[in-house]
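Structure first, then comments.
The values are calculated or read from the model by the stated rules, or taken from the named source; none is laboratory data. Every value quoted in this text rests on a predicted model; they were computed, and no experiment measured them. Here the Cβ is made from the backbone with ideal geometry for all residues, glycine too, and neighbour counts use every protein chain on show.
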Amino acid sequence: MTQYILQHISAMIFALIAMAFLTLLERKALSYMQLRKGPNKLGLSGIPQPMADALKLIMKTMVYPTSANPSVMSMMPSFIFSLALLLWSLFPTPHTMTHKSLSLLTFICISALMVYPILIGGWSSNSKYALLGAIRTMAQMISYEIPMILTLVFFAVINNSLELASFYKNSQLVLNWQLAIQMALVWLVIALAETNRTPFDFAEGESELVSGFNVEYSGTKFAMFFMAEYLNILFMAVISSLLLMNSCKWTPIFTFMFLLARGTFPRHRYDFLMSIAWESLIPCSLASIIFVTISVLI
């Protein structure tokens, strides 16, 4: 029991440190992509900037709209941040003593729960902009959770296991390289949409919704939403590395993919976003599951 607790605590601490410096890496990478200077004033080349940003947000006053529900509004950032940290308790390791059975199913359940704090957080602020942003984000996350679950089922069938640690073993994905490339592309699109990253960053939508569901949040509560988002990005990079490469050592490359997508792609149209999920990704995932199931049975 002590070993499990220490592993979970160490994974969460590592995730928080990595999340803090991911924000710095993103700002630096975007500055080079856009031919401008990033954070470079504080300390040596701006390296302590994440700590300064955290201190600034902690010192800011949390302002509530007059007609908002402050108790519910205060709980939602903490709830989604706790769920994001809980995901890191599933961090897969190649050591047999720390394996968690059904960890893939647990990952799906925790990811599905993240819809609720976003919806309730937007609703409780009693702002039409926040509510519209929350509804739009909820529709996006639910739509892309369906192909995400189907894709995870595909990889579970390939590896004959619902345990993330078992993906360290040699995968049978080499049975069909065309199918492997197809499902890898499907998963990468889903990863961008599930983490609300460009070109699917409709959760923020500054140009359409004055910052989306979190428009009425400030200070620490505002920071918790984005801390949860960056923790999810890092964990999705870990899952992507594990599913596609059968190792966690490719995680930095998949993390940089999120940054490259933000600095490269424009924001998609919302109707295109929904049509991609329902007309392309879901049929493709279902067809792949049927094909690989037949291949395994034969």
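Listed values, structure above:
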{"read-out": "Long-range neighbours under 9 Å by Cβ, at least six apart or interchain, first residue touching a residue at least 12 places away in the same chain (Cβ under 8 Å) within region 13-37, second part of a loop (DSSP other than H, G, I, E, B) and of a type in the set (S, T, Y)", "value": "K28/S45"}
{"read-out": "Tally, over region 250-279, of residues that are among the basic types (K, R) and either at positive phi or at pLDDT below 85 (or both)", "value": "2"}
{"read-out": "Residue in region 169-176 that is at pLDDT 85 or above and surrounded by fewer than 21 Cβ atoms within 10 Å (Cβ to Cβ) present", "value": "no"}
{"read-out": "Residue list for region 217-246, filter: modelled with pLDDT of 90 or more and among the β-branched types (V, I, T)", "value": "I233, V238, I239"}
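Table: residues versus (1) touching a residue at least 40 places away in the same chain (Cβ under 8 Å); (2) within 30 Å of S241 (Cβ to Cβ); (3) out of contact with any strand residue (DSSP E or B) (no Cβ under 8 Å at 6 or more places or on another chain).
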position	(1), (2), (3)
S71	no, no, yes
L83	yes, yes, yes
L86	no, yes, yes
K100	yes, yes, yes
S103	yes, yes, yes
T106	no, yes, yes
L113	no, yes, yes
S125	yes, no, yes
